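Readers should treat all values here as calculations from the given coordinates under stated rules, not as data from a laboratory. Worth saying up front: this structure is predicted, and the values here are computed from it rather than measured. Note that we place each Cβ from the backbone using ideal geometry, even for glycine, and neighbour counts take in every protein chain shown.
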Amino acid sequence: MKSLPWILAAVGLGVAAYVVMNTPGPEYATGNDSIEDAARRTAAWGSKNRITGTGTNLGGKLKEGIGNLTGNPDLADEGVVDQVAGSFAQAAGQTLHEFNR
């Protein structure tokens, strides 16, 4: 019976070591090593979104125009949806751009 406290202490120490060793380290959402690097990449992503949004918006206007000229309401509606998606992407990119100034 004299060895029971030592066994319990060893089990407790083992559990404590297990908990400490398996605690996850910090995970950075950006995957970048520094804040400056993350800001540069985010700014670039925002610029890319603005350009992509502008292209999608212009393509949507073109689709809508062609759909109206040919009398194809489905193509015209698809163009309006593209314009909305492009405007949303532009707004998101502009927000990121302003945020990183």
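If each of A44 and E78 carries a label point 7 Å out from its Cα toward its Cβ, how far apart are those two points in nm?
3.3 nm
T52 to S3: extension gain in nm, 0.36 nm per residue of separation minus the Cα-Cα distance? List each step's numbers first, then the result.
Working: separation 49, 0.36 × 49 = 17.64 nm, distance 7.13 nm.
Taking 0.36 nm per residue and subtracting the Cα distance, the gain is 10.5 nm.
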